[in-house]
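Below: the structure, in structure tokens.
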Amino acid sequence: MAKCSICGKPAVVDLRYARRRFCAEHFIEFVERKIERSIKEYKMIGKRDRVIAAISGGKDSATLAGVLDRLRDRIGFELILLHIDLGISEYSRKSREASVRLAHRLGLELVIFDVKEMLGYSIPEMALRLRRRACSVCGIVKRYVMNAAGIELGADSVATGHNADDIGSYALKEFLFQNLENIGKLVPVSESIDNLAVRKIKPLYTVYEKESFLYSLLRELPYYHEECPHARLDSLDFTIKEFLNKLEEKFPSIKIQYVKMLARKGSNYPKIVEARSCRHCGLLSLGGECSFCRITRRLRKSPAGPMVRRYFSTLRNHS
Ligand code: SF4
Ligand code: ZN
Ligand code: ZN
């Protein structure tokens with residue numbers, strides 16, 4: 001039986017790309033060290049920072065919250081969890097439950113933003129009325145809520161659970177369509193823009209999806225394992241991920257080399273230059289009205305950005 005490269009106990013995982021095998025305890029330690037190294041190397045979190053970790057209820061969120069929780073005393077930062085309930089039937093109910101259990105298990109504060117309760121429509125209802133794909137509406141809502149929460153709750157950064165597989169596949173997809181300005185956003189840290197956009201960090205930048213899954217499993221962290229019903233297995237994103245997996249099989253560690261290169265060179269890609277403030281809510285927009293205010297104005301006759309900002313600022317005043 002294969003043995004752990006560190007202690008010689010039976011190994012539970014063989015990491016070909018790292019040429020190492022680990023028992024459960026040393027695998028957990030390996031993932032935590034790897035994330036801590038990325039946090040330091042890319043200067044993601046500083047002492048006394050306030051960090052909001054956006055959690056969906058899935059395995060990557062569990063890993064993100066679980067590791068940040070263990071690092072918060074060592075580095076000395078404050079950690080708050082944010083969950084956005086998208087109102088997507090059973091999937092959202094179970095994801096919310098998992099997020100509540102995760103926060104409880106780690107003893108962390110959890111802020112929940114319920115899309116249906118706050119905006120009057122769930123994501124599928126909004127998509128239907130706007131005649132757009134659920135994922136496109138969902139992306140606009142999630143990005144806006146995370147940014148508004150970050151700004152209003154006074155966060156130094158908002159952390160998301162994107163892993164190396166996610167980042168590599170998004171970057172390749174954007175490259176295929178030559179959306180080069182979107183590739184530049186896939187770096188480990190996107191700096192804040194005045195009071196328009198909060199700083200965003202990706203602590204799982206060099207963690208493989210499989211490692212993230214195994215970490216949350218071995219630590220028995222609560223997470224919901226089903227995919228969102230709107231995620232399509234025949235989508236381009238899925239096929240690109242499969243392609244990268246094939247590459248990795250043949251050339252172990254190529255995914256990590258690829259995302260590390262992206263971290264170094266990502267800032268060379270063109271940027272969207274003119275960042276303006278939305279005339280309704282005052283947050284980041286490209287044309288004077290942000291996408292969130294535009295879609296909610298179409299749905300509800302008045303833009304919902306200011307109301308969302310007020311919601312989070314009230315939470316801050318009560319905390
Ligand atoms: Fe949102 Fe689409 Fe992801 Fe579902 S699959 S959570 S709708 S972005
Ligand atoms: Zn061991
Ligand atoms: Zn706005």
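A few points about this structure:
- Selection of the stretch 1-45 for residues being open to solvent by less than 30 Å² (accessible area, probe 1.4 Å), in a strand (DSSP E or B) and more than 11 Å from ligand 2 (Cβ to nearest atom) yields only LEU15.
- Exclusive hit being at pLDDT 95 or above, under 23 Å from SER212 (Cβ atoms) and not charged (D, E, K, R), set ALA127, ALA134, ALA159, ALA148: ALA159
- Number of residues in the stretch 46-64 that are of a type outside the set (Asp, Glu), open to solvent by less than 30 Å² (accessible area, probe 1.4 Å) and more than 19 Å from GLY154 (Cα to Cα) equals 6.
- Qualifying residues in the stretch 273-319 (those that are polar (S, T, N, Q) and out of contact with any Cys (no Cβ under 8 Å at 6 or more places or on another chain)) - the one modelled with the lowest pLDDT: SER319
- Just one of (1) under 30 Å from VAL100 (Cα atoms); (2) open to solvent by 20 Å² or more (accessible area, probe 1.4 Å) fails for TYR269. It is (1).
- Lone unmet requirement of (1) surrounded by fewer than 18 Cβ atoms within 10 Å (Cβ to Cβ); (2) away from ligand 1 (no atom under 14 Å from the Cβ) for ARG132: (2)
- Number of positions in the stretch 86-100 that are open to solvent by 10 Å² or more (accessible area, probe 1.4 Å), touching a residue at least 40 places away in the same chain (Cβ under 8 Å) and hydrophobic (A, V, I, L, M, F, W, C): 1
- Subset of the stretch 238-272 (residues that are at pLDDT 90 or above and charged (D, E, K, R)): LYS241, GLU242, LYS246, GLU248, GLU249, LYS250, LYS255, LYS260, ARG264, LYS265
- Residues in the stretch 85-117 that are in contact with a Leu (Cβ under 6 Å, 6 or more places away or on another chain) and either within 16 Å of ligand 3 (Cβ to nearest atom) or within 24 Å of GLY305 (Cα to Cα) (or both): SER92, LEU110, VAL111, VAL115.
- Listed conditions (1) basic (Lys, Arg); (2) surrounded by fewer than 19 Cβ atoms within 10 Å (Cβ to Cβ); (3) farther than 25 Å from SER99 by Cα are all met by LYS255, apart from (2).
- GLY120 vs. criteria open to solvent by 30 Å² or more (accessible area, probe 1.4 Å) and either over 24 Å from ARG50 (Cα atoms) or within 16 Å of ligand 3 (Cβ to nearest atom) (or both): yes
- Within the stretch 284-297, being surrounded by 13 or more Cβ atoms within 10 Å (Cβ to Cβ) and either more than 16 Å from ligand 3 (Cβ to nearest atom) or small (Gly, Ala, Ser) (or both) holds for SER285, SER291.
- Qualifying residue in the stretch 222-237 (condition: more than 16 Å from ligand 1 (Cβ to nearest atom), open to solvent by 70 Å² or more (accessible area, probe 1.4 Å) and modelled with pLDDT of 95 or more): no
- Residue among SER99, SER95, SER89 that alone is at pLDDT below 95 and within 16 Å of ligand 1 (Cβ to nearest atom): SER89
- Sub-7 Å Cβ pairs linking a first residue in the stretch 291-310 that is free of Cβ contacts under 8 Å to residues at least 24 places away in the same chain and basic (Lys, Arg) to a second residue that is surrounded by 16 or more Cβ atoms within 10 Å (Cβ to Cβ) and not in a helix (DSSP H, G or I), at least 6 apart or interchain, are ARG297/PRO303, ordered by first then second residue.
The values are calculated or read from the model by the stated rules, or taken from the named source; none is laboratory data. Everything numeric in this text was worked out from a predicted model, so none of it was measured. So basically every Cβ, Gly included, is an ideal-geometry build from the backbone, and we count neighbours across all protein chains shown. Note: accessible area is taken over every heavy atom of the protein model, side chains too, but ligands, DNA and RNA are not part of it. Shrake-Rupley method; radii C 1.70, N 1.55, O 1.52, S 1.80 Å.
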